[in-house]
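To start, the structure itself, in structure tokens.
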Amino acid sequence: MSEPEVLFCLHFLGGSARSWGPLARALDGTPTCHPVDLPGFGEAAGRTAFSVDAMADHVDAVISAHKTARFGIAGHSMGAKVALALARRSEDGAPGLAGLTDLILVSGSPPSPEPIPEDRRARMRAWIDADAETRRREAQAFVRENVGSALDPDTEALCVADVLRASPDAWKAWLDAGSREDWCRRIGVLRTPALILAGSEDADLGPDAQRALMAPHLARHRLVTVEGVGHLLPLERPEILAARLRDHIGARPRDPAPLAPAIPVAYQALIASERVNSRLRAALDTRAEADDPAYRPEALDPVELAILRAVLARVLPVEDIDLAARLDRRLAAVDGDGWRFVALPLDAEAYAAALRTLDAAARAVRGRPFVTLDEPYQDGLLSLAQRGELTVPERLGGRLDADRMRFWFEDLRADATRLWLAHPAALARIGFSGIGAGGDRPGEIADGLPGFGEVGLDAPEPWEPRSANAEVTP
């Protein structure tokens, strides 16, 4: 993939095109920075359309008018959510966005509603319409609260001035609506190469938030934590941002390899033999197909799918097969076993609610998302769910009570086991040869009647492959 000629840069809440000046100087034209004022900010303070879609329309028009063959989009905080919306348009075939090569997401607001504590949201909203002196004091406090260490006086003054010239309507629209917009399913999973950067001192959109809420949407990404930096990396350490950006372009994350566990040659031969009927062979071949690492979920959203992958890695860890994606496809197809616990909602709804409850429990108990917890803490929460002791108040995000979490966990284990044991690699591993009980024309099998003649202990048929775990007899 060629290098981008231009990097269109979208600023944070309260910033402007000027916020990217330090990065432009650090990059020195490779690639060329083209900062864009989002509606309600900077030179676009008079524009009045503030939804994520409307901001994406505004930037789309700028990019289309530029007519560059290859470009990247850098989004900082609020701007990252707009960048993701543009990437989805690009991958869906929008003609003016066909040249997108890279996403650079800095302390990004994720597709999910942004995790801003409500007291902070109310505080930020309260002063934007105040008198001039209050606004100046609060704007300066806002800038200082968002950095890991003090900015130089000139940079701080520029940031404060940008906050003060922002449209109060745009400021409130982001806090009240834009930051709350849920684009999780609309964004899905993107294949555009992405660099995610997070400041270690960023309270709301730091490394944990990026891993839990941003990374699940990006099939080809690298997440970099910048130590000692807060929320304003492009202003705090533009030289680090420039260096990481160049590193990314020089060695973009590759397409992940498709996942497919190896099937022993002898078992492949059994599947292909006349002992296996064609309908079963077709089903086994379908189950053996490699899983797409960029799988876009249908029943769950990408964040829930990431939680499910983390759960299954503890419950039934198997290599080279995406049990979570297979389970999601089953949920979407409503292709279950025909029954459910009466206390639980329909399967897809139950899974989504249980995974969100588990994540809420992790945040309540450990202060971190489930996917970022160390394995012993994940195991502890899953053990509580298994015993019917996982309780999370609804106000903290709990959607299922302890009894229903226990029922769901029982379903999860059964579903995961069924999916794994249906795979030819698993059948080979346990030495299951029942698939060879008869072909399409069993009366014509060369070595006699179908089925099994040897019924004694440790007396396999000559045609049966050995279990992968069987002891080797000298």
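The values are calculated or read from the model by the stated rules, or taken from the named source; none is laboratory data. Nothing here was measured: the structure is a model prediction, and the numbers come from that model. Don't worry about glycine lacking a Cβ; one is built from the backbone with ideal geometry, like all the others, and counts go over all protein chains shown. Side chains included, ligands, DNA and RNA excluded: accessible areas come from the protein's heavy atoms. Shrake-Rupley method; radii C 1.70, N 1.55, O 1.52, S 1.80 Å.
Here is how the numbers come out for the structure above:
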{"read-out": "Cα pair distances exceeding 37 angstrom across the chain, given as percent", "value": "39"}
{"read-out": "Total charge dipole magnitude, the chain, about the Cα centre, Cβ charges on Lys, Arg, Asp, Glu only, Debye to nearest 20", "value": "560"}
{"read-out": "Amide H contacts of Leu218 (H built 1.01 Å from N, under 5 Å, at least 5 apart or other chain)", "value": "Leu190"}
{"read-out": "Euclidean distance of C-alpha centroids, the range 199-224 and the range 246-319, integer Å", "value": "25"}
{"read-out": "Cut-off 13 Å between beta-carbons: net charge of the residues surrounding Val143, Lys and Arg +1, Asp and Glu -1", "value": "-3"}
{"read-out": "The range 1-107: trypsin sites (Lys or Arg not before Pro) falling in loop per DSSP and having at most 10 other Cβ within 10 Å", "value": "Lys67"}
{"read-out": "Charge-dipole axis of the range 120-188 as Lys and Arg at +1 and Asp and Glu at -1 on Cβ define it, positive-most pick from Gly178, Val160, Met124", "value": "Gly178"}
{"read-out": "Heavy atoms of Arg220: accessible area, 1.4 Å probe, square angstrom to 10", "value": "40"}
{"read-out": "Given charges at Cβ of Lys, Arg, Asp, Glu: the range 251-362 dipole, positive-most of Ala288, Ala262, Ala251", "value": "Ala262"}
{"read-out": "Percent carbon-and-sulfur accessible area, the chain, ignoring ligands, DNA and RNA, probe 1.4 Å", "value": "50"}
{"read-out": "The range 247-386 - charge dipole about Cα centre, Lys and Arg +1 at Cβ, Asp and Glu -1, debye rounded to 20", "value": "140"}
{"read-out": "Low-density loop positions, chymotrypsin sites (Phe, Trp or Tyr not before Pro), the range 357-439 - DSSP coil, at most 16 other Cβ in 10 Å", "value": "Phe432"}
{"read-out": "Probe 1.4 Å, accessible area per residue of the chain, Å²", "value": "45"}
{"read-out": "Helix 302-315 vs. the chain, principal-axis angle (Cα, 0 to 90°, nearest 10)", "value": "50"}
{"read-out": "FRET efficiency estimate (nearest 0.05) - Cβ-Cβ, Asp119 to Ser51, R0 22 angstrom", "value": "0.35"}
{"read-out": "The chain: angle of helix 238-250 to the longest principal axis, Cα-based, in degrees nearest 10", "value": "40"}
{"read-out": "Most positive-pole-ward Cα, Gly338, Pro113, Leu384, against dipole of the chain from beta carbon charges", "value": "Pro113"}
{"read-out": "C-alpha long axis of helix 52-66 to longest principal axis of the chain, angle in °", "value": "80"}
{"read-out": "Given charges at beta-carbon only (K, R positive; D, E negative), |dipole| of the range 122-264 in Debye", "value": "780"}
